[in-house]
Amino acid sequence: MSQEPPQEPQYSIPSGADAPTPSEPLPPPRPARRPGGLGRLVRAVFIWGFILTVVLPVGVTLLYRFVPPPVTILMVQRLFEGKGLDYRWRPLKRISPALVQAAIASEDAKFCAHDGFDFEAIQKAAASNKRRPGKIRGGSTISQQTAKNVFLWPQRSYLRKGLEAYYTVLIETLWGKRRIMEVYLNVAEMGAGTYGAEAAAQRYFGVSADQLTRAQAARLVAILPNPLKYKAVNPGKYVARRSRRIGAAAGTVRSDGLSACVGNLRSATRAERAEPAPERKPAARQPAPERKTDPLPPPPVLEPVPVEPAPVPDPVPPEPEFKTTD
């Protein structure tokens, strides 16, 4: 006999109020909240601040200790202004010693004596600017100018001056005087779109930077305060007078060894040794203009006043003599 498969039990689904309600899905569990969110934020800010203020500046400064700066903010700004870009790097041994001596004589006579800041010059500049606010006088050293030219922007502000001081300490510590002078003479603006000794020497005098004479070096340094206004070729009276003063002061730098911290420079050629140092001409004094005034009337003649003789007092009669008798 065949067995029939067991039948599944039949269940009746209650209807109405007795029907079971389907269970609602549970909400997803919330992720566990990590403690210390504010601490992580503070730690991230500290890490990024340390990178931006210490690691990056020190790293770039160390890199430029061995590698020429490819471009500066001022170069990019002048390029967008349509002034072009002529930048040719030359090591210091291929730059005329006359240019080094002229730069120290004009821009920073205590370059080898200070550690980046000339506080006496800064105080004098501040006093001068207070007396004559319309004519700003700078007290920056070559180290400060190099820090500004390489790492920062040209516009004046307290933020830029603070960063300039920071980078000045870095390059004085990590570069040394020779590298500071080398970078300064290569990135300084010396005309519209002209940067550094080599580009300026080729543009103005048609020679290389190592062939600059003392007079030519003094001319290049004389236009540094305002290279977009002053001219190194066919200069005006101010630049000509300033270049003569720089040339005379450069002779003092050379004879007194004020550029010794820069190290060994190229030996002077025979033509350079024979070239006389520019002499400072004394300023010609103009005679004082004559003042035409009405002549004063002659003083009146006074007649002598007769003086009466003093009265002679009457003679005093002698006292009578008295004789006594015994």
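Just so you know, all these numbers are worked out from the coordinates, no wet-lab data involved. Given the structure is predicted, the values throughout are model-derived calculations rather than measurements. Every residue, glycine as well, gets a Cβ built from its backbone with ideal geometry; the counts of neighbours run over all protein chains shown.
Charged neighbours of Ser208, selected by a Cβ distance under 13 Å, balance to +4 (K, R count +1; D, E count -1). Taking a Cβ cut-off of under 15 Å around Ile142, the surrounding Lys, Arg, Asp and Glu residues balance to a net charge of -3, with basic ones at +1 and acidic ones at -1.
Rounded to the nearest whole Hz, the Karplus-based 3J(HN,Hα) values (6.51 cos²θ - 1.76 cosθ + 1.60, θ = phi - 60°) of the range 104-117 follow the sequence 5, 5, 8, 9, 6, 5, 9, 4, 7, 9, 9, 9, x, 9, with x at glycine and proline. Relative to its Kirkwood radius, the Cα radius of gyration of the range 70-274 gives an Rg/Rh of 0.94. In terms of distances greater than 28 angstrom between alpha carbons, the cross-link table entries Lys177/Lys237; Lys83/Lys161; Lys110/Lys130; Lys124/Lys148 yield Lys177/Lys237.
Between the range 113-188 and the range 208-245, the alpha-carbon centres lie 21 Å apart.
Near Glu198, once Lys and Arg are set to +1 and Asp and Glu to -1 for all other residues with Cβ below 15 Å from its Cβ, the sum equals +2.
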